[in-house]
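This report concerns only the one structure given below.
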Amino acid sequence: DSKNKLLYRLSINTKASRIIAAGEALATATGIAAHGEDVFVYSTDVKKVVIAGNTLKTIVPHEAEWGNITSIAAYGGNMYLLDTSLQQIWKYIGTERGFGTRQDYLLFDTKVDLTDAANLAIDGSVWLTGKGAIRRFTQGREDVWSIKGLDEPLGSKLDIYTDDTTKNLYIFDKIANRVVVCDKDGVYLAQYRWQK
């Protein structure tokens, strides 16, 4: 909640919510990620939510080498930042004392245009949205991937969700007011529309 500078946790089972963090950094936050019970926020740096005190603690300070960070994800104890201007996904390996130094996730010979990439999700592979398409990268290289059986193409504004415990991909198509569900091989399964 950037207006009130608050971060909430909502229980899907009980529908109960509670504030887990507050502070000025939430006014400009552009990304949030969770791994297990850990919650991370990207503002101008990466902060971890300290639930006991409802505060944020910097765990990856801002780096001058970063360009335009548009999305953040956590997976396997590691942190990933999508940098669209430098055409890279930065990976920070989790350690006992925090996170290690910045590494390139994309291999040196993997040349891709990430200018329009918007969101990322990770399940072992890295999934990106952009320009009405979903792209998948595995071990730093791009995998060819597409949806089969969809009745109309995806719009230009997409968000995506999956993780290593989720069987399918959930794609929010903001232009068509729908959520598209497909399996990870690209087979279309369902879509849910809302006209409002």
What about Ala117, is it farther than 19 Å from Trp66 by Cα and not aromatic (Phe, Trp, Tyr)? no
For segment 156-196, enumerate the residues that are out of contact with any strand residue (DSSP E or B) (no Cβ under 9 Å at 6 or more places or on another chain) and of a type in the set (D, E, K, R). Lys196
Take the residues in segment 165-196 that are assigned to a strand (DSSP E or B) and without any contact (Cβ under 8 Å) to a residue 12 or more places away in the chain, then tell me which one is most open to solvent (accessible area, probe 1.4 Å). Tyr170
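To keep it simple, each residue is scored yes or no on (1) more than 23 Å from Thr30 (Cα to Cα); (2) at pLDDT below 95; (3) touching a Leu at 6+ places or on another chain (Cβ under 8 Å); (4) not aromatic (Phe, Trp, Tyr).
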| site | (1), (2), (3), (4) |
| --- | --- |
| Arg97 | yes, yes, no, yes |
| Phe108 | yes, yes, no, no |
| Lys111 | yes, yes, no, yes |
| Leu114 | no, yes, yes, yes |
| Trp127 | no, no, yes, no |
| Gly130 | no, yes, yes, yes |
| Gly140 | yes, yes, yes, yes |
| Ser146 | yes, yes, no, yes |
| Asp151 | yes, yes, no, yes |
Among (1) within 30 Å of Gln88 (Cβ to Cβ); (2) in contact (Cβ under 8 Å) with a residue 12 or more places away in the chain; (3) in a strand (DSSP E or B), Ile19 falls short only on (1)
Suppose the filter is hydrophobic (A, V, I, L, M, F, W, C) and either assigned to a strand (DSSP E or B) or within 28 Å of Thr58 (Cα to Cα) (or both); does Leu150 pass it? no
Hey, any hits in segment 33-42 for a residue that's closer than 29 Å to Asp109 by Cα, without any contact (Cβ under 8 Å) to a residue 40 or more places away in the chain and surrounded by 20 or more Cβ atoms within 10 Å (Cβ to Cβ)? yes
For segment 98-154, which positions are among the basic types (Lys, Arg), touching a residue at least 24 places away in the same chain (Cβ under 8 Å), over 17 Å from Ala33 (Cβ atoms) and surrounded by 13 or more Cβ atoms within 10 Å (Cβ to Cβ)? Lys131
Inspect segment 46-56 for any residue being of a type in the set (Lys, Arg), surrounded by 15 or more Cβ atoms within 10 Å (Cβ to Cβ), over 23 Å from Ser2 (Cβ atoms) and at pLDDT 90 or above and give the result as yes or no. no
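Residue by residue, here is whether (1) under 10 Å from the mean Cα position of the chain (by Cα); (2) farther than 19 Å from Gln103 by Cβ; (3) small (Gly, Ala, Ser) holds:
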{"position": "Ile32", "(1), (2), (3)": "yes, yes, no"}
{"position": "His35", "(1), (2), (3)": "no, no, no"}
{"position": "Val39", "(1), (2), (3)": "no, yes, no"}
{"position": "Tyr42", "(1), (2), (3)": "no, no, no"}
{"position": "Lys48", "(1), (2), (3)": "no, yes, no"}
{"position": "Gly67", "(1), (2), (3)": "no, no, yes"}
{"position": "Ile72", "(1), (2), (3)": "yes, no, no"}
{"position": "Gly76", "(1), (2), (3)": "no, no, yes"}
{"position": "Leu81", "(1), (2), (3)": "yes, no, no"}
Only residues that are of a type outside the set (Ser, Thr, Tyr), within 22 Å of Lys57 (Cα to Cα) and free of Cβ contacts under 8 Å to residues at least 24 places away in the same chain: list them for segment 82-97, please. Lys91, Ile93, Gly94, Glu96, Arg97
Options Asn78, Asn4; residue that is in contact with a strand residue (DSSP E or B) (Cβ under 8 Å, 6 or more places away or on another chain), on the phi < 0 side of the Ramachandran plot and at pLDDT 90 or above: Asn78
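The values are calculated or read from the model by the stated rules, or taken from the named source; none is laboratory data. Small disclaimer: the values here were computed from a predicted structure and weren't measured. We place every Cβ from the backbone using ideal geometry, glycine too, and count neighbours over all the protein chains shown. Ligands, DNA and RNA are excluded from the accessible area calculation, which covers all protein heavy atoms including side chains. Shrake-Rupley method; radii C 1.70, N 1.55, O 1.52, S 1.80 Å.
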